[in-house]
Protein chains: 2
Amino acid sequence: MKSFVLKGNICYSADQKTIRTVEGGYAVCADGMAKGVYETLPEEYAALPVIDHGDMLIIPGLVDLHIHAAQYAYRGTGMDMELMEWLDVNAFPEEGKFADMEYAEKAYSVFVKHMRESASTHFVVMASRYPKSTKLLMEKMEEAGLVSLVGKVNMNRGAPDYLREMSEEEAAEETRRWLVEIQGKFRHTKPVLTPRFIPSCTDGLMEILGEIRREFDLPVHSHLSENLGEIEFVRELQPDSPFYGAGYDRVSLFGKDHVTGKHFPTVMGHCIWSGEEEIRMMLENGVTVAHCPACNMNVSSGIAPIRKYLDMGLNVGLGSDIAGGHTVSLFNAMVNAVQVSKLYWRLVDQSCAAITFPEAFHLATKGGGQVFGKVGSFEDGYEFSAVVLDDSSFDRTLPLTVLQRLERAVYLSLDLYGIRAKYCCGERLF
Amino acid sequence: MKSFVLKGNICYSADQKTIRTVEGGYAVCADGMAKGVYETLPEEYAALPVIDHGDMLIIPGLVDLHIHAAQYAYRGTGMDMELMEWLDVNAFPEEGKFADMEYAEKAYSVFVKHMRESASTHFVVMASRYPKSTKLLMEKMEEAGLVSLVGKVNMNRGAPDYLREMSEEEAAEETRRWLVEIQGKFRHTKPVLTPRFIPSCTDGLMEILGEIRREFDLPVHSHLSENLGEIEFVRELQPDSPFYGAGYDRVSLFGKDHVTGKHFPTVMGHCIWSGEEEIRMMLENGVTVAHCPACNMNVSSGIAPIRKYLDMGLNVGLGSDIAGGHTVSLFNAMVNAVQVSKLYWRLVDQSCAAITFPEAFHLATKGGGQVFGKVGSFEDGYEFSAVVLDDSSFDRTLPLTVLQRLERAVYLSLDLYGIRAKYCCGERLF
């Protein structure tokens with residue numbers, strides 16, 4: 001059933017600064033596509049079945065722009081470290097286990113089950129270096145009915161031998177084989193080219209990846225200007241590069257292909273310390289920032305100047321960044337996005353006003369959704385995805401508006417225990 | 001039954017930097033007092049009934065050093081404001097309702113029910129201006145089996161007429177009457193003198209409160225150096241005061257009575273912007289800092305330099321600070337304490353190392369517990385309070401240690417839905 005109407009208290013971003021709420025409203029889905037939100041159901045949709053979610057809150061499925069599936073098992077542990085140490089101690093040993101298909105089966109089953117139960121419907125996922133288990137993850141994401149861009153990670157240096165590609169040729173061959181194998185296999189699960197970050201990829205590998213991207217017309221997902229230690233290291237590795245992002249751009253992995261002149265979706269995690277030139281290039285090339293405030297605190301990286309990015313017109317979404325971020329909750333990411341923007345205003349730059357709750361909600365829905373097309377709203381023409389939240393376990397001491405109920409649900413992490421139904425691309429997942 | 005043994009995976013702070021965990025251990029409670037934690041149950045306790053909590057995690061009841069009971073109803077809403085605006089728009093109108101005993105009955109019933117269900121056993125509570133509903137709150141806290149210091153708020157300026165005491169004499173009389181009325185009434189619920197903060201209290205009222213404190217030998221609970229706007233305002237109100245805390249100290253409301261020379265417990269919320277003189281006075285007078293990192297982000301106040309305070313030997317605990325803080329979860333407060341300390345290191349002062357998870361756990365247990373005496377541990381001589389956490393809903397992809405399971409439980413907010421049993425002062429609450 002891909003055509004139906006949801007009835008309930010409907011909330012979505014009308015624009016970047018405004019959440020529209022319709023109490024007891026109707027959100028129409030026709031053939032998997034949203035057809036708008038109405039106070040009274042229009043005559044033309046009267047024949048569609050109505051699913052009545054009563055007094056619950058109905059929001060678009062959330063979009064997680066940056067998540068490491070192969071780090072999920074240790075989330076919420078080992079948090080007392082900075083990024084580069086954290087990678088060596090936590091991330092690399094765990095990711096190395098995904099050479100073992102038995103472990104991958106076990107770990108990815110849990111990951112996908114939890115993604116399915118979460119408030120997110122769309123994901124940009126880093127898997128691990130290994131193509132075989134990455135394919136397994138893609139099969140599981142597809143089967144779960146979720147929408148995702150999944151990447152086999154490329155990394156041929158700066159990691160233990162067990163985890164890295166041992167030569168540029170091996171990396172190229174493995175990556176191409178993976179891409180060919182999964183070609184045309186999935187409806188909602190697509191590959192994304194995923195150089196881990198510049199410290200993990202030799203210049204030669206980066207060039208090859210630029211060619212592979214062109215050959216398969218892929219989007220790109222990576223990390224950028226996250227941590228001062230990392231940035232200093234990149235400067236040593238690429239002394240001739242004017243800034244970090246230029247290292248991706250010179251091999252056409254930064255939103256624009258310099259050979260064909262075409263643009264392609266590119267998601268860069270973090271962008272905390274991007275300078276003016278880098279920001280300008282992101283803007284010109286249409287690179288999307290995956291803002292991951294929890295991780296940026298957890299591994300002591302800093303605060304990304306999201307207000308500045310939004311004012312400049314950069315496209316920004318939110319990422320849980322498991323397991324530098326500890327929770328898959330994008331409600332938590334929204335709260336953290338507002339919170340760290342207030343600290344940024346207070347401690348760093350008072351010309352950057354705090355992000356408001358409606359803006360954070362926009363980041364988690366339409367903002368990130370742009371990477372996937374028209375995603376993250378119930379407005380006409382959007383892909384229809386929705387999450388139904390039951391906030392009846394909260395007290396009703398005060399007569400709250402739907403908007404206040406939504407804000408409370410987000411701040412009080414209702415997504416951890418209060419999701420009652422979930423729809424993705426017009427299909428009900430539960 | 002106040003003598004028993006809890007069996008399970010027991011976790012408590014051995015010292016400020018170390019969590020001791022005993023897998024399948026025994027925590028002994030004799031007559032409401034802790035008698036230590038053992039790998040094997042000592043012969044002398046063999047006759048006590050053993051309550052077996054299986055593979056669950058057992059931690060001391062947490063201590064919430066700063067919470068506004070009369071703001072609970074709107075928690076998680078109206079967060080897009082800075083402190084002084086937030087007080088006018090959110091806090092004052094809501095607190096004004098507690099003149100109405102019917103509303104107070106409804107709102108405080110919900111508050112106390114949720115405090116009972118939370119992971120906290122000990123609370124330092126601001127109620128509202130009204131003595132009658134404050135007494136009602138105390139009755140309810142007592143009935144719930146929780147331990148608390150509860151304060152009728154004093155405020156005779158800077159608030160709407162409906163909420164403020166209209167004269168110093170009225171304030172004094174009301175406060176004395178409240179104190180006399182509840183004298184000797186409760187076992188676990190004690191009064192705490194609670195001038196809201198200097199912007200709310202005239203110099204004359206502060207002097208009277210200093211006398212009342214001496215007369216009734218009370219502890220003190222208030223706010224200090226939270227927000228730059230507030231601090232500037234205090235400077236205007238008390239131009240002759242060298243720093244904010246001196247305004248409390250000169251009337252003997254800052255940990256030390258200058259008439260008798262005696263010390264008394266004093267909890268000051270926030271202390272974000274305390275200067276060297278203020279810090280030194282806190283140290284000398286034995287003032288405890290209630291660190292409220294969520295609120296400090298939510299109302300754009302800043303980050304308290306907790307590393308510095310700990311290094312100097314100041315006593316520090318955690319506060320949820322409902323409703324500037326949005327959640328009663330002290331797990332969230334622990335995570336936020338670690339997170340903002342990392343941002344402080346990164347963005348403000350690299351001589352202040354981040355707070356570690358064991359340190360945050362110490363703050364939430366023994367650190368805050370000091371205000372109540374020997375509270376927040378299972379070690380011999382501590383008051384026995386405990387919370388039992390069921391983390392079986394989490395995956396066991398990795399073979400985690402008890403310490404890792406505890407860290408994960410805290411980071412993933414298990415206290416919101418995974419508390420299976422709670423003990424306070426040797427009594428089982430559920």
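Those residues that are more than 24 Å from A:Leu318 (Cα to Cα) and of a type in the set (Phe, Trp, Tyr), I need them from segment A:229-274; list them, please.
Across segment A:229-274, the qualifying residue is only A:Phe233.
Is it the case, given these coordinates, that A:Gly210 is under 21 Å from A:Val259 (Cα atoms) and either buried (at least 23 other Cβ atoms within 10 Å of the Cβ) or free of Cβ contacts under 8 Å to residues at least 12 places away in the same chain (or both)?
Working: under 21 Å from A:Val259 (Cα atoms): yes; either buried (at least 23 other Cβ atoms within 10 Å of the Cβ) or free of Cβ contacts under 8 Å to residues at least 12 places away in the same chain (or both): yes.
So A:Gly210 fits the description; yes.
State all residues of segment A:341-356 that are at the interface with chain B (Cβ under 7 Å from one of its Cβ atoms) and of a type in the set (A, V, I, L, M); if no residue qualifies, say none.
Correct list: A:Leu343, A:Leu347, A:Val348, A:Ala354.
Within segment A:233-254, does at least one residue satisfy the condition of being within 14 Å of chain B (Cβ to nearest Cβ) and under 19 Å from A:Gly151 (Cβ atoms)?
Step one: of segment A:233-254, the residues within 14 Å of chain B (Cβ to nearest Cβ) are none.
No; the residues of segment A:233-254 include none that is within 14 Å of chain B (Cβ to nearest Cβ) and under 19 Å from A:Gly151 (Cβ atoms).
Look through A:Met297, A:Met312 and report the one residue that is farther than 20 Å from A:His221 by Cα and either among the basic types (Lys, Arg) or more than 9 Å from chain B (Cβ to nearest Cβ) (or both).
Exactly one of A:Met297, A:Met312 is farther than 20 Å from A:His221 by Cα and either among the basic types (Lys, Arg) or more than 9 Å from chain B (Cβ to nearest Cβ) (or both), namely A:Met312.
Residue-by-condition table, conditions (1) within 24 Å of B:Arg396 (Cβ to Cβ); (2) within 14 Å of chain B (Cβ to nearest Cβ); (3) at pLDDT below 95:
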site	(1), (2), (3)
A:Ala47	no, no, no
A:Met56	no, no, no
A:Asp64	yes, no, no
A:Ala73	yes, yes, no
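I'd like the residue in segment A:380-398 that is among the polar types (S, T, N, Q) and within 13 Å of another protein chain (Cβ to nearest Cβ) and, out of all such residues, is farthest from A:Glu117 (Cα to Cα).
Per the criteria, the residue is A:Thr397.
Would you check which residues across segment B:418-430 are part of a loop (DSSP other than H, G, I, E, B) and either under 20 Å from the mean Cα position of the chain (by Cα) or more than 10 Å from chain A (Cβ to nearest Cβ) (or both) and list them?
B:Cys425, B:Gly426, B:Leu429, B:Phe430
Give me the residue from segment B:357-374 that is assigned to a helix (DSSP H, G or I) and either within 14 Å of chain A (Cβ to nearest Cβ) or surrounded by fewer than 20 Cβ atoms within 10 Å (Cβ to Cβ) (or both) and, out of that set, nearest to the chain's Cα centre (by Cα).
Step one: of segment B:357-374, the residues assigned to a helix (DSSP H, G or I) are B:357-372.
Add one more test, that the residue is either within 14 Å of chain A (Cβ to nearest Cβ) or surrounded by fewer than 20 Cβ atoms within 10 Å (Cβ to Cβ) (or both), and what stays is B:357-362, B:370.
Values: B:Phe357: 19, B:Pro358: 18, B:Glu359: 16, B:Ala360: 14, B:Phe361: 14, B:His362: 13, B:Gln370: 11 Å.
Top of the filtered list is B:Gln370.
So, in segment B:1-48, how many residues would count as being of a type outside the set (A, V, I, L, M, F, W, C), outside any loop (DSSP other than H, G, I, E, B) and at negative phi?
Step one: of segment B:1-48, the residues of a type outside the set (A, V, I, L, M, F, W, C) are B:2-3, B:7-9, B:12-13, B:15-18, B:20-21, B:23-26, B:31-32, B:35-36, B:38-40, B:42-45.
Cutting the leftovers down to outside any loop (DSSP other than H, G, I, E, B) gives us B:7-9, B:12-13, B:15, B:18, B:20-21, B:23-26, B:35-36, B:38, B:43-45.
This time we only want the ones that are at negative phi, so: B:7, B:9, B:12-13, B:15, B:18, B:20-21, B:23, B:25-26, B:35, B:38, B:43-45.
Of the residues in that region, 16 qualify.
List the residue pairs whose Cβ atoms are under 9 Å apart, where the first residue sits in segment B:399-417 and is under 15 Å from A:Arg75 (Cβ atoms) and facing another protein chain (nearest Cβ under 8 Å), the second is among the polar types (S, T, N, Q) and assigned to a helix (DSSP H, G or I), and the two are 6 or more positions apart or on different chains.
As it stands, the answer is B:Val410/B:Asn332; B:Tyr411/A:Asn298; B:Ser413/A:Asn332; B:Ser413/B:Asn332, since those pairs meet every condition given.
Mind checking which residues of segment A:381-425 are surrounded by 21 or more Cβ atoms within 10 Å (Cβ to Cβ), within 18 Å of B:Gly324 (Cα to Cα) and either in contact with a helix residue (DSSP H, G or I) (Cβ under 6 Å, 6 or more places away or on another chain) or among the hydroxyl-bearing types (Ser, Thr, Tyr) (or both)?
Listed by number, the residues that qualify are A:Glu407, A:Val410, A:Tyr411, A:Ser413.
Against the condition under 20 Å from A:Ala421 (Cα atoms) and within 11 Å of another protein chain (Cβ to nearest Cβ), how does A:Ser377 come out, does it pass? Even if it seems obvious, please write down each step before you answer.
Details: under 20 Å from A:Ala421 (Cα atoms): yes; within 11 Å of another protein chain (Cβ to nearest Cβ): no.
In short, no.
Consider only pairs whose beta carbons are under 6 Å apart and that are at least six residues apart or on different chains; among these, list those whose first residue lies in segment A:25-51 and is of a type in the set (Lys, Arg) and whose second residue is surrounded by fewer than 17 Cβ atoms within 10 Å (Cβ to Cβ).
Matching pairs, first to second residue: A:Lys35/A:Asp380.
Filter segment A:232-267 down to residues that are touching a Ser or Thr at 6+ places or on another chain (Cβ under 6 Å) and in contact (Cβ under 8 Å) with a residue 40 or more places away in the chain, then give me how many there are.
Total meeting the criteria: 3.
Condition first: part of a strand (DSSP E or B), within 15 Å of A:Gly8 (Cα to Cα) and not small (Gly, Ala, Ser). Now tell me which residues in segment A:377-417 satisfy that.
Across segment A:377-417, the qualifying residues are A:Val387, A:Val388, A:Leu389.
Of the residues A:Gly286, A:Gly325, which is buried (at least 24 other Cβ atoms within 10 Å of the Cβ) and more than 9 Å from chain B (Cβ to nearest Cβ)? Break it down into steps so the answer makes sense when it comes.
Values: A:Gly286 fails: buried (at least 24 other Cβ atoms within 10 Å of the Cβ).
Answer to the selection: A:Gly325.
Going through B:Lys113, B:Lys140, B:Lys106, B:Lys97 one at a time, which residue ends up being among the charged types (D, E, K, R) and either away from every other protein chain (no Cβ under 14 Å) or outside any helix (DSSP H, G or I) (or both)?
After applying the criteria, what remains is B:Lys140.
Name the single residue that is farthest from the chain's Cα centre (by Cα) among those in segment B:39-59 being among the charged types (D, E, K, R) and over 26 Å from B:Arg405 (Cβ atoms). Lay out the reasoning, then the answer.
Taking segment B:39-59 first, the residues among the charged types (D, E, K, R) are B:39, B:43-44, B:52, B:55.
Within this subset, residues satisfying the condition of being over 26 Å from B:Arg405 (Cβ atoms) are B:43-44.
Values: B:Glu43: 37, B:Glu44: 35 Å.
For segment B:39-59, the residue satisfying everything is B:Glu43.
Kindly establish whether A:Glu85 is within 14 Å of chain B (Cβ to nearest Cβ), surrounded by fewer than 16 Cβ atoms within 10 Å (Cβ to Cβ), free of Cβ contacts under 8 Å to residues at least 40 places away in the same chain and in a helix (DSSP H, G or I).
yes
The values are calculated or read from the model by the stated rules, or taken from the named source; none is laboratory data. No experiment lies behind these values; they were computed from the predicted model shown. For neighbour counting, all protein chains shown are included, and Cβ atoms are generated from backbone atoms with ideal geometry for every residue, glycine included.
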